[in-house]
C-alpha cells in the first residue's frame, strides 16, 4: 500500500530564526526531535532509545525550508520543516510534511503533536 504525504501546521511563539535553529541544528534537534542527533555536512544521525537512523538533507532554503530523507527509507519519501510568518496573524508557523500509510496518519499526527509540545518547551514558547 502506498504511503501518503500529509501536512501539519503548528503556531510556535518564537522568532523564525530561533525556530529555524531548532529544526536544523543537531544539538537543538536532540532537545525535542530525537534523544540523540549529530551531523556531518548534509548527513544527520538521529537516535531513539539506542536505535539510530541516518538522514540526509536533500533540499535547503536557508532560514525557511529543510527537507530530510531517511537513508533506509523510500527514495521518494521525506520529512520537511518549513518556517514562516503568517501574513494574516504575523505568528511564526512551522509546517511539517511527512509520509505514512493512510491508517497511520492519525497516530503519526499524535506523535508529531507530542514532539511539537517538546519543541515548544525547549524553545521556551510553551
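Bear in mind that the values in this text are calculations on the coordinates, not laboratory data. Predicted model, so just to flag it, every value in this text is computed and none were measured. Note that each Cβ is placed from the backbone with ideal geometry, even for glycine, and that neighbours are counted across all protein chains shown.
Computed quantities for the displayed model
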{"quantity": "Additional length obtainable on full extension of the chain from residue 53 to residue 121, 0.36 nm per residue less Cα span", "calculated": "22.0 nm"}
{"quantity": "Convex hull projection area averaged over all views, the chain, Cα basis, nm²", "calculated": "8.0 nm²"}
{"quantity": "Peptide ranges 27-37, 78-88, 104-114 listed from the most packed, as the mean C-beta count within 10 angstrom indicates", "calculated": "27-37, 78-88, 104-114"}
{"quantity": "Percentage relative contact order, segment 1-105, counting C-alpha pairs under 8 Å, at least six apart", "calculated": "31 percent"}
{"quantity": "Inter-probe distance in nm under a simple model that places probes 7 Å from Cα toward Cβ, at residue 84 and residue 2", "calculated": "2.5 nm"}
{"quantity": "Spin-label model distance (nm) - residue 42 vs residue 60, 7 Å beyond Cα toward Cβ", "calculated": "0.9 nm"}
{"quantity": "Estimated FRET transfer efficiency (residue 107, residue 17; beta-carbon r; R0 35 Å; 0.05)", "calculated": "0.65"}
{"quantity": "Computed [θ] at 222 nm, helices only, for the chain once each DSSP H run of length n ≥ 4 contributes -39500 (n - 2.57)", "calculated": "-7500 deg cm²/dmol"}
{"quantity": "Per-residue Cβ neighbour rank within 10 angstrom, fewest leading, 103, 67", "calculated": "103, 67"}
